[in-house]
Each structure stands twice: as C-alpha cells, then as structure tokens.
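Enquirer: Structure provided below as structure tokens; questions to follow.
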Amino acid sequence: MLDPANGCNLGCASCANTSNKDFAARVLNAWPAGVMKGNTYSRIIDDNGPWAWVGHFYNNSEPYLNKNTHAFIKRAAQFRVRTSTSSNMSIPKLDVDAIVASGLDELQIAIDGVTQKVYEKYRRGGDVSLVFENVRRLVEAKRARNSSTPFIRWHYLTFQHNVHELDAAMAKARELGIDMFFVVTPIDVSADDPTVIAEAHPRAWECTHLTPIQPAVMNTDISPVAEDIERAFTEQYAERYVADDVAANGTANHCDWLYMATIFDAYGRVFPCCIGDTKGHARFQFGSVNGNNEAVLNSREYLAARSFVHGIP
Ligand code: SF4
C-alpha cells in the first residue's frame, strides 16, 4: 500500500488532511506534504514487485494529485500485481483516458450524497457536479477502449445528514454506469465536527452489483520484468517466511500486517499498517526506502515489532 501523494485537495473531518486546523494540531502528528518521485517508487516496486500480488495505490491521500500515478500503476501491472486505488474524483481536468490506459483494476470512488449541500458537509471543499462529470467521462473512456477496467466501486459513507439520499445515489450510480455500490458505516468523526454523525444504516456493508460481472483478464505484457520474476523464484520461501510460519503455527498474539503488507508514504517512509500517525500512539515510522537501511522490511523497528507481538523477530 502506498500514497502517491501526501495530501489532498479536500479536507474531510478526522482525515489526516482535515481542514480543521485545531483538530489536526490536537490529534495528528504533522507529516510532510508532497508527491512521490519516480526514483522513490522505483526503489519500492523493484524490491517488492516480484513478490506482491495486490497493490493499493492509496492510503491517507488523493492519489491523482500526482501525475505519475498512472505510470506507477502501469509498472505494477507488469509484475501481475492486482492494482486498486481510491479517489474523491473532485479533480479538475482529471485525465480519465490515462486512468483506463494505466491498466488499473479497481477504482473506489468516495461520494456521500448527490446534492452539493449534503455532499460537502463531510467532503469539505469537494464539488459534486465535477465528481459526477469525471465519473461520466471515465465510464465513456472505458467504453471507447472496450475496457472492463477499472471496475468502479462507489463507496457511500452513511451519516445522519445524508442517509435520505441513499436511494437517489444508487439511482445515480446506475445512470452513470458504475459497477458496484457499497454502503459503508464510517468511523466516528464527531471529535472533528460534532455535527457530522456517523450512522449504521440497515443496508450497511451491502454491495450491489450494477453491471454484469466480468471474468478477470490479465492482458499486460510482462516480458520487461520477466527476468526479475524468474530471479525471485530462485530464492527460498522458507528463508523469507520462516517467522511467518512460526506465527501461523500457534502463537496466540498475531498480526499478519507485520508480514503480509507494507505501507509507504510519498516520501518512501515505511509504516506497519494504515492507521494514521496520531498523537498519543507513538510514531509509527519503521524505516525509509530512501535511507541507509537496505532491508527495509526487516528494519530494526520491524524486527522489534514482530518480537513484541509474536515473541520472535
Ligand atoms: S477525500 Fe479522502 S484523503 Fe481527501 S480529505 Fe477526504 S477522506 Fe481524506
């Protein structure tokens, strides 16, 4: 999982990019704004591409603030990594053709209302007409290329102020040609804005398919990375995953994330999970691909965390 950018054009309540400066100062550890550079991404993908099977090109930010995100995703697809990202889609001049051409498998879009007044109560700074226009253009671009990807999944976060627009949103999703509609119960964000109250709707976690399900097709040319993949297969599984095996064989304390996933921010800093860097929980940084640490996935901090949770590094 990586953030192509640190930052967002919106400022939703309780997000790392909240526009509520008082809340941010009280709760969040500041992180540097900026976009991931090509050499930082190369260090990440060259090391992890042969082993990774899923790549999430988002975490705490808006990925399409970085114009190189399309190229990053394309490169990951060459390693047969299944790619997904998440966007607020409230971006002027969004290059929808490049999104389709990148080979992105899945795009989550976050829209919590169909009228501007309702939508912007949580999506601060967003423009719902621009969002719908971008989605319409994206679906058109998929049709023009006869592409079933990216699979588009609308995430609707339910709050007290927007549940009355849920049916209208589903109708809008059908009209736009979106593939799936997903009803999500958000976390409590009232510490940032007491008037934005999360609500668990009876249809919470309901996924509705709106278009025929397509078989997964891998049609990218992997020849440019074939040698890297072959070399990776010559390494021993046991040497790489012995600690994971022990953990899977009966240790009560268990955290898969310390073995199965790694999170990078736009500066190549490494974090053990997607939880935000909040005050009161210590700092989470476990290393950096731009530092001296060659084996970043076995950094001193990673080994210490695995020892703490599983009793072995
Ligand atoms: S759109 Fe997403 S990343 Fe941007 S401020 Fe809102 S929750 Fe955060």
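Enquirer: Given the conditions (1) surrounded by 19 or more Cβ atoms within 10 Å (Cβ to Cβ); (2) free of Cβ contacts under 8 Å to residues at least 40 places away in the same chain; (3) under 16 Å from the mean Cα position of the chain (by Cα), and given that Trp53 satisfies all but one, which numbered condition is not satisfied?
Expert: Exception for Trp53: condition (1).
Enquirer: A follow-up question, please. Within the stretch 23-44, is even one residue touching a Leu at 6+ places or on another chain (Cβ under 7 Å) and closer than 30 Å to Asn146 by Cα?
Expert: No: zero hits.
Enquirer: Turning to a different aspect of this structure: Arg75 - would you say it is assigned to a helix (DSSP H, G or I) and surrounded by fewer than 16 Cβ atoms within 10 Å (Cβ to Cβ)?
Expert: Numbers: assigned to a helix (DSSP H, G or I): yes; surrounded by fewer than 16 Cβ atoms within 10 Å (Cβ to Cβ): no.
For Arg75, the condition - assigned to a helix (DSSP H, G or I) and surrounded by fewer than 16 Cβ atoms within 10 Å (Cβ to Cβ) - is not met.
Enquirer: Collect the residues in the stretch 113-141 that are open to solvent by less than 50 Å² (accessible area, probe 1.4 Å), assigned to a helix (DSSP H, G or I) and away from the ligand (no atom under 16 Å from the Cβ), keeping them in residue-number order.
Expert: Leu138, Val139, Ala141
Enquirer: Any residue in the stretch 97-112 that is buried (at least 17 other Cβ atoms within 10 Å of the Cβ), of a type in the set (Val, Ile, Thr), at pLDDT 95 or above and more than 14 Å from the ligand (Cβ to nearest atom)?
Expert: Yes, the stretch 97-112 contains at least one residue that is buried (at least 17 other Cβ atoms within 10 Å of the Cβ), of a type in the set (Val, Ile, Thr), at pLDDT 95 or above and more than 14 Å from the ligand (Cβ to nearest atom).
Enquirer: Could you please give the count of residues in the stretch 1-50 that are open to solvent by less than 40 Å² (accessible area, probe 1.4 Å), free of Cβ contacts under 8 Å to residues at least 12 places away in the same chain and in a loop (DSSP other than H, G, I, E, B)?
Expert: Counting residues in the stretch 1-50 that are open to solvent by less than 40 Å² (accessible area, probe 1.4 Å), free of Cβ contacts under 8 Å to residues at least 12 places away in the same chain and in a loop (DSSP other than H, G, I, E, B) gives 0.
Enquirer: Within the stretch 152-185, how many residues are assigned to a helix (DSSP H, G or I) and either under 16 Å from Tyr122 (Cβ atoms) or charged (D, E, K, R) (or both)? Steps first, please.
Expert: Of the stretch 152-185, the ones assigned to a helix (DSSP H, G or I) are 163-176.
Next cut, either under 16 Å from Tyr122 (Cβ atoms) or charged (D, E, K, R) (or both) only: 163-167, 169, 172, 174-175.
The total comes to 9.
Enquirer: Further question on the same structure: What is the residue count in the stretch 78-96 for residues that are open to solvent by less than 20 Å² (accessible area, probe 1.4 Å) and either free of Cβ contacts under 8 Å to residues at least 24 places away in the same chain or within 16 Å of the ligand (Cβ to nearest atom) (or both)?
Expert: Matching residues across the stretch 78-96 total 8.
The values are calculated or read from the model by the stated rules, or taken from the named source; none is laboratory data. Since the structure is predicted, the reported quantities are computational estimates derived from the model, not experimental observations. Reconstructed Cβ throughout: ideal geometry from the backbone, glycine too, with neighbour counts over all protein chains shown. The area values use the complete protein model at the heavy-atom level, side chains included, leaving out ligands, DNA and RNA. Shrake-Rupley method; radii C 1.70, N 1.55, O 1.52, S 1.80 Å.
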